[in-house]
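Read through the structure below, which is laid out as structure tokens, and then see the notes.
The values are calculated or read from the model by the stated rules, or taken from the named source; none is laboratory data. Model, not experiment: these values are computed from the prediction. When we count neighbours, we look across all protein chains shown, and the Cβ atoms used for this are built from the backbone with ideal geometry, even at glycine. Keep in mind that these areas ignore ligands, DNA and RNA; they rest on the heavy atoms of the full protein, side chains included. Shrake-Rupley method; radii C 1.70, N 1.55, O 1.52, S 1.80 Å.
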Amino acid sequence: MRGRLKEFSLSLRRWLPVAIWAGVVLYASTSVGSGDHTAGILRTILSWFNPDLGLATLTDINYGTRKTAHVVQFLVYALLVWRGLSLAPALETSPRRLAVWIIGSAAVLAFSSEGIQLFSPLRSALFTDVILDVSGAVAGTLVAWTIAKLFCKVPSSAEASATLDPILVTSDLHLADSTDSGRAALAAVRSALVRSGALTLVVAGDFGVAVRASEWMAALRESAGEKTNLIICLGNQDHWLEHPDGSCQSPEDVRERFWRPACTTHGIRCLDFENVRLPGLVISGGYGHYDFGFRDPDALVDGALPDTVDYEQGSFRGLIHPDAGRIPGLRGEARRQLDSMSRRLPLANGDPVLFVTHTAPFDRLLPERSRQSEAAFFRAFSGNESIGRLLVTHAPSIALAVSGHTFHASPLVRVAGIPCISTGSCPGSPKFLLFYPSNKSVKIFI
Ligand SMILES: [Fe+2]
């Protein structure tokens with residue numbers, strides 16, 4: 001509710017001045033703005049300066065003023081639309097698309113204004129006036145562009161990277177595990193942001209059940225503060241439905257139904273939907289899931305060897321993985337995750353990438369293999385080996401790969417030249433690291 005109110009208030013700030021000015025333009029198109037009316041006003045004003053003003057001169061001045069007014073009112077309109085589109089967070093940043101929006105909407109307003117004059121007894125609609133109006137909008141767009149160019153300094157690449165430093169990364173906040181551990185995790189986030197001075201926070205999944213996504217994102221936003229640039233990917237627990245009711249058939253449905261609106265409402269970017277491009281850095285990734293590539297082929301449970309079907313079902317000899325029965329349509333998810341990351345990763349176009357997944361892409365980020373039945377079985381549910389292979393093919397551009405999920409933080413290691421690390425942690429005590437895009441360095445920050 002609070003998020004909706006905030007969105008509404010931002011829309012008002014963007015568009016109320018535009019709506020009021022468009023109303024003024026349309027009102028002036030009625031008989032109120034007729035030539036006789038404006039001539040009367042001009043006569044009153046000019047007679048103070050020259051009481052002997054002739055009718056012919058007054059007619060000429062009235063004509064010139066009216067035509068100038070067409071240009072000026074649309075110049076003002078263009079500046080107001082530009083302001084609305086550029087107000088943070090900017091709806092449009094490409095100069096070409098800004099111009100299309102401004103001039104296109106000005107043309108619609110100009111035709112509407114002349115349309116009103118068609119039905120006003122004291123007015124006459126003129127196509128030449130539409131041309132004057134659109135010229136005013138073009139002039140306004142050029143003025144706006146010049147102001148932006150002169151006064152809105154675009155940082156150089158090095159400066160921009162420096163302003164990003166450092167990026168705080170964590171995972172596994174488990175806000176739902178218990179009230180206390182959720183509160184402790186959020187307090188730790190707040191403290192880490194203050195201590196590090198980071199302006200960007202990346203959280204690699206596992207907040208809590210999907211149906212409460214809006215609640216989790218509101219809590220994260222409140223802890224991180226309004227000004228923090230918040231970026232997340234989802235975890236397996238974020239796909240859990242407490243009571244599957246058939247309305248979601250797949251993890252994709254869960255993301256679209258619960259997480260997309262929650263993230264939009266609270267101004268949080270989600271890597272499961274998009275790459276996030278910052279100056280000099282692209283953040284890419286997503287949930288990840290399990291392809292069972294990290295399972296121990298010799299893992300015995302109660303003396304028996306689980307097969308692929310057992311792993312896919314998430315249960316064997318009394319052991320049940322917590323995702324089983326809680327996430328709809330899991331079959332094929334590991335492949336779908338790989339496919340979506342394969343599509344998004346090349347969009348970085350060779351720029352350095354901070355790659356963030358919930359599940360691990362490399363075996364070296366996992367705890368040691370265990371002979372204990374339970375740990376040996378559940379190790380298979382730690383990550384997606386195929387995503388690791390994908391990363392290796394993009395190795396030169398991967399500045400850092402971060403994952404969580406395992407309940408165990410790993411040291412910083414290199415796999416095929418890729419620096420990678422896990423920030424996995426137990427509920428209530430999240431682990432943090434600081435990534436410095438300007439020199440690609442990592443500082444463990446617990
Ligand atoms: Fe997890």
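As a check on your grasp of the helix formula, calculate [θ] at 222 nm for the chain: sum -39500 (n - 2.57) over DSSP H runs of n ≥ 4, divide by the residue count, round to the nearest 500.
After summing the helix terms and dividing by the residues of the chain, the value is -15000 deg cm²/dmol.
Counting only protein heavy atoms and a 1.4 Å probe, tell me what percentage of the chain's accessible area is made up of carbon and sulfur.
Here carbon and sulfur together make up 61 percent of the probe-accessible area.
Which loop GluC sites (Glu not before Pro) in segment 223-300, with loop taken from DSSP, have no more than 12 other Cβ atoms within 10 angstrom of their Cβ?
Those satisfying the criteria are Glu226, Glu242.
Label-point separation (nm) for Arg190 and Lys443, each offset 7 Å from Cα along Cα-to-Cβ?
Label at Arg190, label at Lys443, 2.3 nm between them.
Between the DSSP loop rule and a limit of at most 16 other Cβ atoms within 10 Å, which GluC sites (Glu not before Pro) in segment 329-418 are left?
Glu368
Can you find, among Ala409, Leu433, Val392, the residue sitting farthest towards the positive end of the charge dipole of segment 158-445, where Lys and Arg contribute +1 and Asp and Glu -1 at Cβ?
Most positive-ward Cα: Leu433.
Rolling a 1.4 Å sphere over the protein heavy atoms, what is the accessible area per residue of segment 158-445, to the nearest Å²?
41
Take Ser9 and Arg343, extend 7 Å from each Cα along the Cα→Cβ direction, and tell me the distance between the two endpoints in nm.
Those two pseudo-labels are separated by 3.7 nm.
Return, ordered by residue number, the residues of segment 62-81 whose backbone nitrogen is under 13 Å from a label point located 7 Å along Cα→Cβ of Leu126.
62-71
Given the options Pro279, Phe378, Gln313, identify the residue whose Cα lies farthest towards the positive end of the charge dipole of the chain (+1 on Cβ of Lys, Arg; -1 on Cβ of Asp, Glu).
Farthest along the dipole direction, towards plus: Pro279.
Determine the dipole magnitude for segment 42-153: charges of +1 sit on the beta-carbon of Lys and Arg, -1 on that of Asp and Glu, nothing else is charged, the reference point is the Cα centre, and the result goes in debye to the nearest 20.
Once rounded to the nearest 20, the dipole reads 400 debye.
Against the longest principal axis of the chain, how steep is helix 35-49, in degrees 0 to 90 to the nearest 10, with axes from Cα atoms?
With both axes taken from Cα atoms, the answer is about 70 degrees.
Go ahead and set up a Gaussian network model of the chain, Cα springs under 10 Å, then flag whichever of Val209, Val415, Val356 fluctuates most.
Val415
Answer with one residue from Thr38, Val138, Leu53: the one whose Cα lies farthest towards the positive end of the charge dipole of segment 2-151, charges on Cβ with Lys, Arg +1 and Asp, Glu -1.
Going by the charge dipole, the pick is Val138.
Alpha carbon centre of segment 79-150 versus segment 7-65: separation in Å?
18
For the chain, take the longest principal axis of its alpha carbons; what is the angle in degrees between that and the long axis of helix 95-118, to the nearest 10 within 0 to 90?
The angle comes out at about 40 degrees.
Which trypsin sites (Lys or Arg not before Pro) from segment 275-343 combine a DSSP loop assignment with at most 12 other Cβ atoms within 10 Å?
Answer in residue order: Arg331.
Find the relative contact order for the chain and round it to a whole percent, using C-alpha pairs within less than 8 Å whose residues are 6+ positions apart.
So the answer I get is 15 percent.
With charges only on Cβ, +1 for K and R and -1 for D and E, what is the dipole size of the chain about its Cα centre, in debye, rounded to 20?
I would put it at about 1160 debye.
If you roll a 1.4 Å probe over the heavy atoms of the protein chains, what accessible area per residue do you get for segment 2-151, in Å²?
62
What's the extension gain from Leu118 to Lys149 if we count 0.36 nm per residue and subtract their Cα-Cα distance?
Difference between extended and current length: 7.2 nm.
Looking at the chain, identify the longest residue range that excludes and avoids all chymotrypsin sites (Phe, Trp or Tyr not before Pro) in DSSP loops having at most 16 other Cβ atoms within 10 Å.
Longest site-free region, per DSSP loop and neighbour criteria: 120-406.
Relative to the present Cα-Cα distance, how much length would full extension add between Ala139 and Leu305 at 0.36 nm per residue of separation?
The Ala139-Leu305 span can extend by a further 52.3 nm.
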